[in-house]
Each structure stands twice: as C-alpha cells, then as structure tokens.
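Asker: Below are the structure tokens for one structure; questions will follow.
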Amino acid sequence: MIFRVFLLLCLFGHFEAQANTNSVLTLYNDWQNSSLFSTQDLPKKQLQHFVKRAQQLCKEQADNANACALSGMIQSFYASQVSDLEGLKVAKRARDDLQHALGLDPQVFNGDAYAELALLYHKTPGWPFSFGSQVMAERLLNKALEVDPHGLMSNLRCGEIWFDQKHYVQAQKCFQAAFAALPEGVQQSRLDFQLLQARQMLAKMH
C-alpha cells in the first residue's frame, strides 16, 4: 500500500484539481494493476481495450495534460508489443498525444512523459520509415531530468537509452540515481521486472 501511494505521488505529484481527474486516475490504476511494472505481457485484445480507453479519454479531455500523457504512455507500451507495421502507426499516435500533453504542461507526470517520448524516439526507426531520432531522444531525456533529476522512471528510461547507445558511464549514473530514488524498506513488487533489467544491464558494464 505504501509503495502504491509512493508511485501515485511520483506520477501525479503536481496533479492539479480539475474536472474529470477521477477518470484519469481510474485508468491509470487499472493500467498499473494490469501491466505496468509487470513481467507478464497482456493479451493483445486487453491491450487494445486500454488503448481505446486512453485514446477516448484524451479526445474527451483534450485540455487535460494528464489524460493525454497517460494515453501516450499506454500507446507507447502497446506499440512495443505488436508487429512493426502496426507498432509504427501506434507509436506515431503515442508521440502526438505525449507532445500535446507536454505542450499543455511541460512538467506533466514529473518528467516521465518526456522520458517516455524520448524512449519512443530512441526505439522507433528514423526517416524514411518513421520519426526516430537519437538526437531528439537525448534532447528529451535532458528535459525529463531537468524537470526531476531524481525521478525514478525517468532515470530508468535514461539508463536504458544510454545503455543501448553504449554510453555506459551515463547509463550507470542514471541507474544508480533510479535505485537511490527507491524508498528503503518498501514493497517493490511492481517494479521488480524493470529493476531486474536495470541490474542486468549494470552487470554487463563490469
């Protein structure tokens, strides 16, 4: 329960009171409980259900940065789980929703939206196939860490991207910052898989 509260504070630390906030939080909770920080992939139909909910929420609350950022994050995850052609199509929509959210509030999700957008630019092929760009990925990473240098998810994403680029010194610093952001003595089950991946990448650097 403590860790659940911790995550919500991290991701919605500056969540301003506004109409329909509960619907965004409900979707976030449903998504987290089903797949976020999980070792198990969701069935495609269940993933599609979340994508449709997220897209509809962003459409209905186009002036709500949290709604559209969450939509982008969910679609980004979906894009990583499906075939290349479908994944590229969804990745573009994820990018658009994240960019829209950041245009409304550059600090939405305390830097995590920037980090997720950076990961999209990092993982997606570049021109002429798609919009991928390592230059843009690094720029967005810097923005994420400017918002919150000690952000847990931002530093995990940072470490992953730098590791893929073989910039091991930077990757190590980001992973260490992520581990430092974890509260001591708190249940970490929902982050176990991502933390395990980070530790495996750290081990490969030695």
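Asker: Using the basic label-point model (7 angstrom from Cα toward the beta carbon), what is the Asp105 to Arg139 distance in nanometres?
Answerer: About 2.4 nm separates the two model spin labels.
Asker: Quick one: net charge around Arg157, please, counting Lys, Arg +1 and Asp, Glu -1 for every other residue with C-beta under 10 Å from its C-beta. Intermediate results must be reported in sequence, preceding the final value.
Answerer: Numbers: positive: none; negative: Asp112, Glu116, Glu160.
Net local charge, Arg157 excluded: -3.
Asker: Taking the Cα centre of segment 21-133 as origin, sum charge times position over the Cβ atoms of Lys and Arg (+1) and Asp and Glu (-1), and report the length of that vector in debye to the nearest 20.
Answerer: Details: 10 positive and 11 negative charges, 70 e Å.
Charge dipole, segment 21-133, about its Cα centre: 340 debye, nearest 20.
Asker: Can you list the GluC sites (Glu not before Pro) in segment 126-184 that are in a DSSP coil and have 11 or fewer other beta carbons within 10 angstrom? Provide the component values of the computation, followed by the final result.
Answerer: Working: sites: Glu138, Glu146, Glu160, Glu184; in loops: Glu184.
Passing both the DSSP loop test and the Cβ count: Glu184.
Asker: Oh, and also: Sort Glu116, Glu86 from largest to smallest accessible area, using a 1.4 Å probe on the heavy atoms of the protein chains. Walk me through the numbers before you get to the answer.
Answerer: Details: Glu116 20, Glu86 55 Å².
So, going from the largest accessible area down, we get Glu86, Glu116.
Asker: To continue, here is another question. Compute the length gained on full extension between His167 and Ser83: take 0.36 nm times their separation in residues and subtract their Cα-Cα distance, giving the result in nm to one decimal.
Answerer: Numbers: separation 84, 0.36 × 84 = 30.24 nm, distance 2.85 nm.
Taking 0.36 nm per residue and subtracting the Cα distance, the gain is 27.4 nm.
Asker: Let me check I've understood the local charge: for Gly126, count other residues with C-beta under 15 angstrom from its C-beta, Lys and Arg +1, Asp and Glu -1. What total comes out?
Answerer: Values: positive: Lys92, Arg95, Lys123, Arg139; negative: Asp84, Glu138, Asp164.
Residues close to Gly126 contribute a combined charge of +1.
Asker: Tell me the accessible surface of Lys123 in square angstrom (1.4 angstrom probe, heavy atoms of protein chains only), to the nearest ten.
Answerer: Accessible surface of Lys123 is approximately 120 Å².
Asker: If Phe129, Phe175 are ordered by their accessible area, calculated over protein heavy atoms with a 1.4 Å probe, which sequence runs from highest to lowest?
Answerer: Working: Phe129 150, Phe175 0 Å².
Ranking Phe129, Phe175 by accessible area, largest first, yields Phe129, Phe175.
Asker: Take the residue pairs Lys44/Lys204; Lys59/Lys173; Lys45/Lys123 and return only those whose Cα atoms are more than 29 Å apart. Could you put the intermediate results ahead of the total?
Answerer: Details: Lys44/Lys204 32 Å; Lys59/Lys173 38 Å; Lys45/Lys123 23 Å.
Checking Cα-Cα distances, Lys44/Lys204; Lys59/Lys173 exceed 29 Å.
The values are calculated or read from the model by the stated rules, or taken from the named source; none is laboratory data. Predicted model only: the values in this text are computed from it and were never measured. Glycine gets a Cβ as well: all are built from the backbone with ideal geometry, and neighbour counts include every protein chain shown. The accessibility values were calculated without ligands, DNA or RNA, using every heavy atom of the protein model including side chains. Shrake-Rupley method; radii C 1.70, N 1.55, O 1.52, S 1.80 Å.
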